[in-house]
Amino acid sequence: MAGIKDVATEAGLSVATVSRVLNGHPSVSEDARRRVTDAVERLGYRPNAVARSLRTDQTRTLGLVISDVMNPYFTELARSVEEEARALGYSVIIGNADERPDLQDHHVTTLLDRRIDGLLVSPTDGGSPGMLGAARAGTPMVFVDRWIPGVDVPVVRSDGRAAVRDLVAHLHALGHRRLAIIAGPAATTTGRERVDAFREALAAHGLELPDAYIGQGDFQAGSGRRVTEGFLDLAQPPEVVFAADNLMALGALDAIRARGLRVPDDIGLAAFDDIPWFVHTDPPVTAVAQPTRDLGRAAVRALVDRIEGRPGASVTLPARLVVRRSCGESETGIELSPSPVRRSTP
């Protein structure tokens, strides 16, 4: 494998000049830059990233710790993060916390040991010790999708409250009054926020959310099945089940079909976090869609701002309701317009 001395010999220049060219030093001539570039191409030379990071104190690498790689929402988010990072000259190392705080800390520690320049995290809970320690130590960090109140870190997320209000108004207009929710973990901001938004939206129509119509899930399909089975066992089951994420919605659909019931004839189903699969289910699922790709891009830009010494702004993007046919609708594919983007600097 060719080294920097080989490049210098091939280009007919000193090792010092070649080093300045490779590190983007402004004092080199265009002729020297061209000769080094040509020599690098002919020899197939690749700079040693580890050695370069020791000189520049940068690895041009970002860490991304997501809550659950099996969740299609986070899979799409990770793809968007990787694409935007690559466009800005960074690579991404991904860790899957699998909704476990201990595993989240393992990934955070491992990524920091690898000298990443900054960290994107979707917290699994109210704050695992390793992650909180990294934030308080001044590690360039951005929370994406979820956040931890009281921690001074920019947050890039969507606001689903307006879309949940639209959903409840839509269900009310269809004649539904008994509405239940499969909630996410109370330890997560998104788990709490979606239940609060649902309760507030019901109250606006004079409807209550009885305890029997709140089922505690964990953002996994198994909990969606379990909670929905409990709803179906009630003396007066709900008319519509609203799952606070896509995997729990798929679990709910499994439970409904296992009872020999049909959506929406016997019970309606709606979900938070739209996914491509929902248009292929029978019937297609009405869902709240988050701007996942835009969230990923905005999170990377906010983190790079922090890495490069600029204040990283928090960004809130609106979610939107996508109406299909899982709640008894006669029309499908309707999208309600979201509200504008909100930005703030922590």
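The values are calculated or read from the model by the stated rules, or taken from the named source; none is laboratory data. Please read these numbers as outputs of a predicted model, since none were measured by experiment. So basically every Cβ, Gly included, is an ideal-geometry build from the backbone, and we count neighbours across all protein chains shown. When the accessible area is computed, the model is the full protein with side chains, heavy atoms only, and any ligands, DNA or RNA have been set aside. Shrake-Rupley method; radii C 1.70, N 1.55, O 1.52, S 1.80 Å.
Could you do me a favour and compute the accessible area per residue for segment 104-146, 1.4 Å probe, result in Å²?
Values: 1530 Å² over 43 residues.
Roughly 36 Å² per residue, with all protein chains present.
State the answer as a single residue: which of 87, 296, 206 lies farthest towards the positive end of the charge dipole of the chain, with beta carbon charges of +1 for Lys and Arg and -1 for Asp and Glu, about the Cα centre.
In the chain, that residue is 87.
Calculate what fraction, in whole %, of the accessible area of segment 244-319 sits on carbon and sulfur atoms when a 1.4 Å probe is rolled over the protein chains.
On the way: 1300 of 2720 Å².
Here it works out to 48 percent.
When DSSP assigns beta bridges and you keep just the ones with both residues in the chain, what percent turn out antiparallel, to the nearest 5? Before the final figure, lay out each step's value.
Numbers: 8 of 41 bridges.
Just about 20 percent of them are antiparallel.
Calculate the spin-label point distance for residue 60 paired with residue 93, positioning each point 7 Å from the Cα along the beta-carbon direction, and give it in nanometres.
With each label point 7 Å from Cα toward Cβ, the separation is 1.7 nm.
Report the FRET efficiency, 1/(1 + (r/R0)^6), for residue 34 and residue 192, where r is their Cβ-Cβ distance and R0 is 51 Å, rounded to 0.05. Mind dumping the intermediate values first?
Details: r = 58 Å, r/R0 = 1.15.
FRET efficiency, residue 34 to residue 192: 0.30.
Using all Cα-Cα distances in the chain, what percent lands in each 10 angstrom bin from 0 up to the longest?
Here the calculated profile for the chain is 5, 23, 26, 19, 13, 7, 5, 2, 0.
Just the number please: accessible area per residue for segment 224-340, 1.4 Å probe, all protein chains included, in Å².
Averaged over the residues of segment 224-340, the accessible area is 41 Å².
At a 1.4 Å probe, what is the % contribution of carbon and sulfur to the accessible area of segment 79-143?
The value for segment 79-143 is 48 percent carbon and sulfur by accessible area.
Quote the charge dipole size of the chain about the Cα centre in Debye, to the nearest 20; the model charges only the Cβ of Lys and Arg (+1) and of Asp and Glu (-1). Intermediate results must be reported in sequence, preceding the final value.
Values: 40 positive and 45 negative charges, 217 e Å.
With only Lys, Arg, Asp and Glu charged at Cβ, the dipole is about 1040 debye.
Could you list which residues have their amide H under 5 Å from that of residue 141, counting only those 5 or more apart in sequence or on another chain, with H placed in the peptide plane?
Amide H neighbours of residue 141, under 5 Å, 5+ apart: 119.
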